[in-house]
Amino acid sequence: MQEMIRHASQDAAQRTSENLELMKRLAETMASSVRETSSEMVEWAKQASKQQQEATRQIIQARSLDEVLDTQNRYVRAICRHCSTSVPRYSTAQPTRLARRATNCRRISGKLEAVCSGEVGH
């Protein structure tokens, strides 16, 4: 009986050790993913800020309404392209929020296409 209890105890200790090792690896993987995602998001924010500043500068210097609209159109398209290409990378981290953002970007991009091609009346 004692031998059976000792064996069960050793088996339980080994399983616990294996589970702890798996949890440690999982935590390391998650931490690495968070670091990678956050650094990519910071880089994206920097790029978006630069693009927004440049678009604002171009809009301020625009000489006609057409130039303003063209600048806004290019700016929104650039953001939508970036969102669409970023979603697969970030989808494991925040699937719902990022998928919604990509869907919104595609919807806005589609509306811009329609307006720019004259499909939508003014």
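With Cβ to Cβ distances under 15 Å as the rule, what net charge do the other residues near Glu67 carry (K, R +1; D, E -1)?
Within the 15 Å Cβ shell, the charges total 0.
Measuring from centroid to centroid over Cα atoms, what is the spacing of the stretch 46-79 and the stretch 19-34 in Å?
First find each Cα centre; the distance between them is then 43 Å.
Sort Arg74, Arg15 so that the residue with the fewest other Cβ atoms within 10 Å of its own Cβ comes first and the one with the most comes last.
Arg15, Arg74
So, counting K/R as plus one and D/E as minus one, what does the shell of residues with Cβ under 14 Å around Asp11 add up to?
With Lys, Arg at +1 and Asp, Glu at -1, the net is 0.
May I ask you to compute the full-extension gain from Ile5 to Glu40, defined as 0.36 nm times their residue separation minus their alpha-carbon distance, rounded to one decimal in nm?
7.4 nm
Throughout, read-outs are computed from the coordinates displayed, never taken from laboratory work. Please read all numbers here as calculations on a predicted model, not as lab measurements. Cβ: placed from backbone, ideal geometry, glycine included. Neighbour counts: every protein chain shown.
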